[in-house]
Amino acid sequence: MNPPEAQLRKILELERRKGYADTAVVGGLDRYLKNLIQRDNLGPRSPVTESIMVLPTHGYASLPREERQRWLARTLQLLGGAVERPAAASTVQRARTATARPKRQPARPAVVAPEPTSAFERPVTALKGVSTALAAKLARLDVATVQDMLFFFPRRYNDFASIRPIADLIVGEEQTVIGAVWSAQDTPIGRRLRGTEALVGDETGMMRVVWFNQPYIAQQLRTNERIVLAGRVTLYKGQKTLENPEYEPLESEELLHTGRLVPVYHTTSGLAGRTVRRLAKQALDAYAGALPELLPPDLLSRNRMLPRTTALRQMHFPDGWDDLKAARRRLAFDELLLIQVGVLERKREWQERGLAQPLRLPEEMRRGYVESLPFALTGAQQRAMAQTLADVARERPMSRLLQGDVGSGKTVVAAAALLAATASGAQGAMMAPTEILAEQHFHTLCRVFGCSERTISVATVRPDYLSKPLTIALLTGSVPAPVKRELREQIAAGDIDIVVGTHAVIQEGVSFHRLGLAVVDEQHRFGVMQRAALREKGRNPHVLVMTATPIPRTLTLTVYGDLDVSVIDEMPPGRKPVETRWVPPDERDAAYEFVRAQVQQGYQAFVICPLIEESETLATRAATQEFERLSSEIFPEARLGLLHGRLGAQKKESVMRDFRDRRLDILVSTAVVEVGVDIPNATVMMVEGAERFGLAQLHQLRGRVGRSDIQSYCLLLSDSPAPDARERLQIVERTQDGFALAEQDLRLRGPGEFFGTRQSGLPDLKVAQLSDVPLIELARTEASRLLDSDADLARPEHAQLKEEVSRLWERVTAEAH
């Protein structure tokens, strides 16, 4: 063992003795591991590197104690140290440990591996012919156990079901032929390659068969042996030829590679598709029959679903296209049902955890509030307000999502709910992801309620429709400590009616006298734990979540399935649509002149770049370099600012305040302004490298302008867009409807990229498609029916479903943390 590994083993043994508290080294294990790899230049084959590769994205510190124990035990095993016997590890992580570097020297002491809890958790080496080397290749495909193999589905299928005699083969089509081997030999092909060339014939004729770079096949084919071949037929010097076809002996018990719909799996270097096919068949034959049924009998018969085992067999080796369709439907339904049961359980648990205080807004107060506004509410705002006020008036705690485009008037609806809280003797809290957004909400509430007295952090309002004054406080990280301390005392005493702030609102030092309503803005910018902590500040407060990200209906049924949904799909009257245009490279100078003209008229502009710094691999403009170029070469007469994610929080807030207060003319930024402060004076949004942004993200950026009755513009620049990227930009040009763009974006990019890899809240879907709304709705209906009849899934026929729902949501919750 070399010095870095020996040192790491000592530290890990100390960490184990300290109870896995991440206290073995100053700064934590994550920092130590990173420094160790960089300092000693450890390569990918190092056990240290291998152990880090199985950690989640957020590292050792993000793991619960049991997972820390498992990781540490696996790493000590790699390093040759003594290990405690941990609980069973996750399937892929366990396989990576079992198969990692099998030939590494010196030999390590034997250790006792944890026993699998079921036959399905046995390592993939339990399958015949799977060596440790082959298992390592399968692990790269996240196939580490028998169960992983069963659920490693084909990516497509070759239709080799059409069997024809040689004379009837059609050039250019995929077909299957049965013939006898006339000859087969290892032969040179080209200058450097060797391969197998065979002649195969039947009673109608003869054809040539070639396998490039596979000379060993010549030794496997016996003269006069009858074989089945499948592939695309070509012509070579006028003779029908099969190149690199699938093949197998005719006397095989069951055709796997020919004569049927043949599954095609994802593979990796050194792993042939034939091998994966053989292992899938072996796993099905040996284990699928014992796989527990997930769905109760009445649900299966009611929806005419295939049994789970049948669906698995037909998914891998379908008898026909209709059988494959039925298998897909069943397995996709399983995935969606697990999600739906999970989100509905989460919703019911929240609502049944305890009664909420009913918050009722008297009709005369509601009417006075609406009439005091300097604008008429849209129909959508009125509808959302009615739904929200009806929810908070109940004892069942509200859990509602309010979504609407930037500028659609969500805060006005939230303000009505906050009024209901104060009218009922409770407090309200409103939390935003950044200080400047929190300030914006504070100013908006002061404006809609009409301030009578105000300091930097506290405002008192008493409009005619209120019987007593309302006190609104702004609580953020930058509030001076003495003021913050005084505010906390007033909040705890109940002297503050509405608290607006950032995450500072949920810090331990803040306690509420009686929190009745929590409003969370742009919820996808907050962690799950932050939202949960906000709820804990009250006995069982109502929760209203707001987002300006248009969310497709399929996601409101899945990711947001635990929330009731209100949609504000109308913009205030008089708001002009933002004119959007793709700017080709030869019109870039004209675009700059247009921005200059807008600035000279007293307006402001955004310039958005997809990167912070220039990249050698990505040919696109970066914010830092673009800021310098625009400042010195293009707009030397203007005042420019720079904003990106690497700036500290205070610097970001400072730059945005300068832009908001018109001390800057042009803001060069990355997409951090996608959800940001209201700048009514900004009229131009110029997006560089527009093809690198999603449709929904482009729509969000476009929403940063057009916040007044002044005509605004969005310019999409792309120096070399591919045809499909050009088509996507044209969709943004044509469409102002954020919900339509979000649906398109989800279809094109999937939920992971739509929200960010770890923000979708969805497990990986192997079969289900989020575009399949009818199946999603069926899964939701059946999940609700199941929980209505058996809320705890305690009946024997629901035991397997309960176990798999629990396993799935434990994993999703761990990833969300």
Which ones in the range 252-299 are part of a helix (DSSP H, G or I), open to solvent by 10 Å² or more (accessible area, probe 1.4 Å) and out of contact with any strand residue (DSSP E or B) (no Cβ under 8 Å at 6 or more places or on another chain)?
275, 278, 281, 282, 285, 286, 287, 289, 290, 297, 298
Hits in the range 300-340 (condition: open to solvent by 30 Å² or more (accessible area, probe 1.4 Å), over 19 Å from residue 803 (Cα atoms) and either among the hydroxyl-bearing types (Ser, Thr, Tyr) or in contact with a helix residue (DSSP H, G or I) (Cβ under 6 Å, 6 or more places away or on another chain) (or both)):
301, 306, 310, 313, 323
Hey, does the range 710-727 have a residue that's of a type in the set (Lys, Arg), farther than 23 Å from residue 682 by Cβ and surrounded by fewer than 24 Cβ atoms within 10 Å (Cβ to Cβ)?
yes
Can you name the residue in the range 630-648 that is open to solvent by 70 Å² or more (accessible area, probe 1.4 Å) and not in a loop (DSSP other than H, G, I, E, B) and is also farthest from residue 588 (Cα to Cα) among such residues?
632
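Among 300, 229, 221, which is the only one that is free of Cβ contacts under 8 Å to residues at least 60 places away in the same chain, more than 30 Å from residue 123 (Cα to Cα) and in contact with a Leu (Cβ under 6 Å, 6 or more places away or on another chain)? Write out each step before concluding.
On the way: 300 fails: in contact with a Leu (Cβ under 6 Å, 6 or more places away or on another chain); 221 fails: in contact with a Leu (Cβ under 6 Å, 6 or more places away or on another chain).
Every option except 229 fails the conditions.
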Residue count for the range 601-629, restricted to those that are in contact with a helix residue (DSSP H, G or I) (Cβ under 8 Å, 6 or more places away or on another chain), modelled with pLDDT of 70 or more and open to solvent by 10 Å² or more (accessible area, probe 1.4 Å):
2
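Taking residue 95, is it part of a loop (DSSP other than H, G, I, E, B), on the phi < 0 side of the Ramachandran plot and at pLDDT below 80?
Numbers: part of a loop (DSSP other than H, G, I, E, B): no; on the phi < 0 side of the Ramachandran plot: yes; at pLDDT below 80: yes.
So residue 95 does not fit the description; no.
Of all residues in the range 115-165, which are among the β-branched types (Val, Ile, Thr), crowded, with 18+ Cβ neighbours inside 10 Å and touching a residue at least 40 places away in the same chain (Cβ under 8 Å)? Step through it out loud before you land on a result.
Going through the range 115-165, the residues among the β-branched types (Val, Ile, Thr) turn out to be 117, 124-125, 130, 132, 143, 145-146, 163.
Now restrict to residues that are crowded, with 18+ Cβ neighbours inside 10 Å: 124-125, 130, 143, 145-146.
Hits for the range 115-165 are 124, 130, 143, 145, 146.
Scanning for something in a strand (DSSP E or B) and either out of contact with any strand residue (DSSP E or B) (no Cβ under 8 Å at 6 or more places or on another chain) or on the phi > 0 side of the Ramachandran plot (or both), does the range 190-207 turn up at least one residue? Talk me through it step by step, then tell me what you get.
Going through the range 190-207, the residues in a strand (DSSP E or B) turn out to be 193-202, 205-207.
Those left that are additionally either out of contact with any strand residue (DSSP E or B) (no Cβ under 8 Å at 6 or more places or on another chain) or on the phi > 0 side of the Ramachandran plot (or both): 205.
Yes, the range 190-207 contains a residue that is in a strand (DSSP E or B) and either out of contact with any strand residue (DSSP E or B) (no Cβ under 8 Å at 6 or more places or on another chain) or on the phi > 0 side of the Ramachandran plot (or both).
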When you go through (1) closer than 28 Å to residue 548 by Cβ; (2) open to solvent by 40 Å² or more (accessible area, probe 1.4 Å); (3) outside any helix (DSSP H, G or I) one by one for residue 651, which number turns out not to apply?
(3)
From (1) in contact with a Lys or Arg (Cβ under 9 Å, 6 or more places away or on another chain); (2) over 30 Å from residue 262 (Cβ atoms), pick out the condition that doesn't hold for residue 302.
(1)
Only one residue in 177, 181, 200 is within 30 Å of residue 324 (Cα to Cα), among the β-branched types (Val, Ile, Thr) and open to solvent by less than 10 Å² (accessible area, probe 1.4 Å). Which one?
177
Is it the case that the range 388-407 has a residue that's farther than 30 Å from residue 304 by Cα, open to solvent by 10 Å² or more (accessible area, probe 1.4 Å), assigned to a helix (DSSP H, G or I) and free of Cβ contacts under 8 Å to residues at least 60 places away in the same chain?
yes
How about the range 480-513: which of its residues are in contact with a helix residue (DSSP H, G or I) (Cβ under 7 Å, 6 or more places away or on another chain) and under 17 Å from residue 446 (Cβ atoms)?
496, 497, 498, 499, 500, 501
Of all the residues that make up the range 423-448, how many are open to solvent by less than 10 Å² (accessible area, probe 1.4 Å) and under 17 Å from residue 368 (Cα atoms)?
2
Quick one: would you say residue 736 is open to solvent by 40 Å² or more (accessible area, probe 1.4 Å) and either modelled with pLDDT under 80 or under 30 Å from residue 295 (Cα atoms) (or both)?
no
Just a yes or no: is a residue in the range 458-475 in contact with a strand residue (DSSP E or B) (Cβ under 7 Å, 6 or more places away or on another chain), over 28 Å from residue 370 (Cα atoms), part of a loop (DSSP other than H, G, I, E, B) and not aromatic (Phe, Trp, Tyr)?
no
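Just one of 210, 200 is among the β-branched types (Val, Ile, Thr), closer than 28 Å to residue 319 by Cα and more than 41 Å from the chain's Cα centre (by Cα); which is it? Can you show your working first?
Numbers: 210 fails: closer than 28 Å to residue 319 by Cα.
One residue alone meets the criteria, 200.
Please specify each residue of the range 216-237 satisfying the condition of being open to solvent by 70 Å² or more (accessible area, probe 1.4 Å) and either under 21 Å from residue 164 (Cβ atoms) or in a strand (DSSP E or B) (or both).
Residues of the range 216-237 that are open to solvent by 70 Å² or more (accessible area, probe 1.4 Å), as a first pass: 216, 219-220, 222-224, 226, 232, 235-237.
Correct list: 226, 232, 235, 236.
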Quick check on the range 483-506. Is at least one of its residues part of a loop (DSSP other than H, G, I, E, B), open to solvent by 60 Å² or more (accessible area, probe 1.4 Å) and touching a residue at least 60 places away in the same chain (Cβ under 8 Å)?
no
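The values are calculated or read from the model by the stated rules, or taken from the named source; none is laboratory data. Remember, predicted model here, so these are calculated numbers, not experimental data. Cβ sites come from the backbone with ideal geometry, for glycine too, and all protein chains shown count toward neighbours. Ligands, DNA and RNA are excluded from the accessible area calculation, which covers all protein heavy atoms including side chains. Shrake-Rupley method; radii C 1.70, N 1.55, O 1.52, S 1.80 Å.
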